[in-house]
Amino acid sequence: MAATEAELTRAAPRIVTLAERRGVHYAWVVLGMALLIVVCAAGVRSTPGVLIRPLEGEFGWSRSQISLAIAVSLLFYGIASPLSGKVAERYGLRAMVLMFLSTAGIGIALSTAIAHLWQLQLFWGFFVGFGTGGVATVLGAIVANTWFEERRGLVVGMIGGASSAGQLIFLPLLVWITAEWGWRTSLAFMSVLLLAFVLPAAFLLMRSRPRDVGLEPFGATGATIAAAAADTHVTPVSQAIRTLDFWLLAGTFFVCGFTTVGLIGAHFIPHATEHGFSEGEAAGILSIIGAMNIVGTMTSGWLCDRYPPRYLLAAYYFFRALSLLVLPIITTLPMMSIFAVTFGFDYIATVPPTVMLTAERFGRRSVGSIYGWITFAHMVGGAIASYFAGYIHDVTSEYTVAIYTAGVLALLAAMLAFGINTKVSSRGSRVVRAARAS
């Protein structure tokens, strides 16, 4: 491992020097690379909403059959989360990013040739789900807690906003490509983007730790460096899962996944088209959700640096519940636009307070693994919602029951958020916070 770090240190100075000449700490370069990765991963994650109707038309598969493949993808997306945290802890952030990006790109390339349902479940369900899950979930938490001593809430918020930006950028583009040249061309485009552009850029620019390039984390002072060195506390996952706080965090994040990627992310376009909107209008509305979430998630990160995260988390789930409970009765474009603004503002705004609460409760050194498992709960919720909504549609020919179920769960999550303990889990973590405050 020492040899690898030495090689990286020798390879990095030119890039570091260029950044320093412009007065930029290399942490911001790493953050920029992370933002690009998350934007593109979000573009991949938004693809199923575009594929459902073309796949139904070409192969005659039912909505629930296609939804099951999406659910498999979300499940492996979640499984990759704790694994990617462990890979990053053992081999470094750079190795983790390269491994999972390669898997996602290969999976998308294979998906362009699917002709059978099992291929959709394997190529898209396993490879794409596993690959994107490894770079789109715990990446922000690891970058924030490894490269930054200051502005960690803002950094997590920016990466959450990048996920929405990916939806905003790629969803209308994929709808257009699919309409003009077919769904296979859309997938080929995303595969080339990941393998020919994002992967080489990550190889050149991504670094695992500040010490790999001879730096300290951004905003580090003598006091915080000494305090961080003294904070050796790590909460094992086996210990964390015996606490109520872990299950409150995991439970609320389960609801987050159920209401976002599983329901709205996968089924909003079909739902909207069945209520009189064109596919272009539906994609545009989903893009508004993404645009508002950029603002909402970055604002959430800024607020988390200033106000108790659990109160913010409760507020986000409450307003999400209200917007979902009115969605089934919306049939006009102005009202749907209001829904998009309201729902979009907190679509992923729950991520910064969840990350901050995880770090405060279990220690910063434990964020990668523990937040990975909390994210796994998020994707289990998404997987269940994806299949549940497809099944409900097959039975009732509409999504009303699924949407109302999501709204009620969001109200429950708002209540559960108040019970999360904000006590720092170790003396070392308290020392770090005291050093930051000074």
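Couple of notes before you dig in:
- Expected 222 nm ellipticity per residue - DSSP helices of 4 or more, -39500 (n - 2.57), all of the chain, to 500: -24500 deg cm²/dmol
- Stretching the chain fully between residue 241 and residue 24 yields a gain of 74.2 nm (0.36 nm per residue, less the alpha carbon separation).
- The longest stretch of the chain left intact once loop-based GluC sites (Glu not before Pro) with at most 16 other Cβ atoms within 10 Å are removed from consideration, loops following DSSP, is 1-149.
- Separation of the residue 192 and residue 180 label points, Cα + 7 Å toward Cβ, nm: 1.2 nm
- Folded to 0 to 90 degrees: helix 152-181 orientation relative to the chain principal axis, Cα: 30 degrees
- Computed extension gain for residue 398 through residue 306, at 0.36 nm per residue and net of the alpha carbon distance, reaches 28.9 nm.
- Of the residues 132, 400, 243, the one that moves most in a GNM of the chain with alpha-carbon contacts below 10 Å is 243.
- For the pair residue 209 and residue 116, a Förster radius of 56 Å applied to the C-beta separation gives a FRET efficiency near 0.80, rounded to the nearest 0.05.
- Couplings for the range 208-220, taken from phi via the Karplus curve 6.51 cos²θ - 1.76 cosθ + 1.60 with θ = phi - 60°, read 6, 9, x, 5, 5, 10, x, 10, 9, x, 4, x, 6 Hz in order; Gly and Pro are left as x.
- Spin-label zone in the range 394-417 - amide nitrogen under 18 Å from a point set 7 Å from the Cα of residue 59 along the C-beta vector: 394
- In nm, spacing of pseudo-spin labels at residue 295 and residue 281 (7 Å Cα→C-beta vector): 2.3 nm
- Sequence ranges 349-357, 329-337, ranked by mean other-Cβ count within 10 angstrom, highest first: 349-357, 329-337
Values quoted throughout were computed directly from the atomic coordinates according to the rules given, and no laboratory measurement underlies them. If you're wondering where the values come from, they're calculated on a predicted model, not measured in any experiment. Backbone-built Cβ (ideal geometry, glycine too); neighbour counts: all protein chains shown.
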